[in-house]
1. Limited to segment 89-103, what total is found for residues that are in a loop (DSSP other than H, G, I, E, B) and more than 19 Å from Leu48 (Cβ to Cβ)?
2. I'd like to verify a number: residues in segment 55-79 that are part of a loop (DSSP other than H, G, I, E, B), of a type outside the set (Val, Ile, Thr) and touching a helix residue (DSSP H, G or I) at 6+ places or on another chain (Cβ under 9 Å), how many?
3. I'd like the residue in segment 157-168 that is in contact with a Leu (Cβ under 8 Å, 6 or more places away or on another chain) and under 15 Å from Thr74 (Cβ atoms) and, out of all such residues, is surrounded by the fewest Cβ atoms within 10 Å (Cβ to Cβ).
4. In the list Arg187, Arg203, which residue meets the criterion of being surrounded by fewer than 18 Cβ atoms within 10 Å (Cβ to Cβ) and at pLDDT below 90?
5. Just for segment 128-156: of the residues that are in a loop (DSSP other than H, G, I, E, B) and touching a strand residue (DSSP E or B) at 6+ places or on another chain (Cβ under 8 Å), which one is surrounded by the most Cβ atoms within 10 Å (Cβ to Cβ)?
6. Starting from residues that are assigned to a strand (DSSP E or B) and of a type in the set (A, V, I, L, M, F, W, C), keep the ones in segment 104-123 and report whichever is farthest from Ala229 (Cα to Cα).
7. Do we have Asp227 as modelled with pLDDT of 95 or more and acidic (Asp, Glu) here?
8. Return the pairs, sorted by first residue and then second, in which the second residue is of a type in the set (S, T, N, Q) and in a strand (DSSP E or B), the first residue lies in segment 124-152 and is farther than 21 Å from Asn228 by Cβ and without any contact (Cβ under 8 Å) to a residue 12 or more places away in the chain, the beta carbons are less than 8 Å apart, and the residues are 6+ apart or on different chains.
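The values are calculated or read from the model by the stated rules, or taken from the named source; none is laboratory data. Owing to the predicted nature of the structure, the values given are computational and were not obtained by experimental measurement. In this analysis, Cβ positions are derived from the backbone assuming ideal geometry, glycine residues included, and neighbour counts consider all displayed protein chains.
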Amino acid sequence: MRTEASIVCTLLIWKNRHPEYPLIVAANRDEFEERPSSDPLRLNEDPLIVGGRDEVAGGTWLALSERGTIVALTNRRAAGAHDPTKKSRGTLVLELARLDSPPAIEQAVRALDSQSYNPFVLVALDRTGGFAATAGDDGLNLQPISDGLHVVTNWKMDDTNHPKARRATELAHALDIDVPLPQLVERLHMLLSDHAADGSGERDVGLCVHRPAEGFGTVSSSIIALDNAGGAHFYYSRGHACESRIRDASALLRPEDSRRAAVER
């Protein structure tokens, strides 16, 4: 069993691009299919944090707190060799999500020994702002997340020099997101279901990854929309995005519901 932390591999961010939802995030997690993980549940009670759990290392790839803070992480290619003895990047996501706000998270990230983790791109943001941090052999670098569309794959944020990031950016820019929430979620799920058909020969250019010979591919999808009134809407699907049905997991964020709920299969 591989012990490397489970992480997001495609992350799309729309900041202040929708009149009702100032922050929208859509993500696919690509992983070895044999690696056990939970559907979204309550990872922490105070503050309340929701996300899927990696049952090997115990962390998460994307966390949403009751405060409206989102923390997510992708791995980063060509930024250093993988070392299985280093700390889990998935547990880092959960640790940071417990903090009060993106500024508090930024302070904690700046104090990190980034070399104790394998290379990553981490984002932390809420309705008001946020940042992206890249770590690897080139050190730790932070940049603010401005209004607009942002795409993170396995490279730096908004790096369109690579085919998958370029395709994700083009598809996301072409998507009309100025629609009510049910249609928005449907459109985002369809976007996450994309299979490249450009004949380039590049592997994994599409957002939904299938590599059955290696037992690897897209194993889950998440969509989060934070509204102007302070509410959070969280949707999730297990399996390949192109074959799965998206479900509403927002009830996990209701503090009055003390059950350790999980998404209905």
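1. 0
2. The first filter runs over segment 55-79 and keeps only residues part of a loop (DSSP other than H, G, I, E, B), leaving 55-61, 66-69, 76-79.
Still in the list and also of a type outside the set (Val, Ile, Thr): 55, 57-59, 61, 66-68, 76-79.
When the remaining residues are screened for being touching a helix residue (DSSP H, G or I) at 6+ places or on another chain (Cβ under 9 Å), the result is 57-59, 61, 66.
The total comes to 5.
3. In the first step, residues of segment 157-168 are kept if they are in contact with a Leu (Cβ under 8 Å, 6 or more places away or on another chain); the result is 164, 167-168.
From what is left, the residues that are under 15 Å from Thr74 (Cβ atoms) are 164, 168.
Details: Lys164: 22, Ala168: 27.
Result: Lys164.
4. Of the residues listed, the single one that is surrounded by fewer than 18 Cβ atoms within 10 Å (Cβ to Cβ) and at pLDDT below 90 is Arg203.
5. Just the residues of segment 128-156 that are in a loop (DSSP other than H, G, I, E, B), to begin with: 128-129, 137-138, 145-147, 153-156.
Keeping just the survivors that are touching a strand residue (DSSP E or B) at 6+ places or on another chain (Cβ under 8 Å) gives 129, 145-147, 153-156.
On the way: Gly129: 17, Ile145: 20, Ser146: 11, Asp147: 11, Thr153: 31, Asn154: 23, Trp155: 20, Lys156: 19.
Checked segment 128-156; the qualifying residue surrounded by the most Cβ atoms within 10 Å (Cβ to Cβ) is Thr153.
6. Kept after step one, since they are assigned to a strand (DSSP E or B), are these residues of segment 104-123: 117, 120-123.
Narrowing further to those that are of a type in the set (A, V, I, L, M, F, W, C): 120-123.
Details: Phe120: 33, Val121: 30, Leu122: 27, Val123: 23 Å.
Ranking the qualifying residues of segment 104-123, first place goes to Phe120.
7. Values: modelled with pLDDT of 95 or more: yes; acidic (Asp, Glu): yes.
Criteria met by Asp227.
8. Asn141/Thr134
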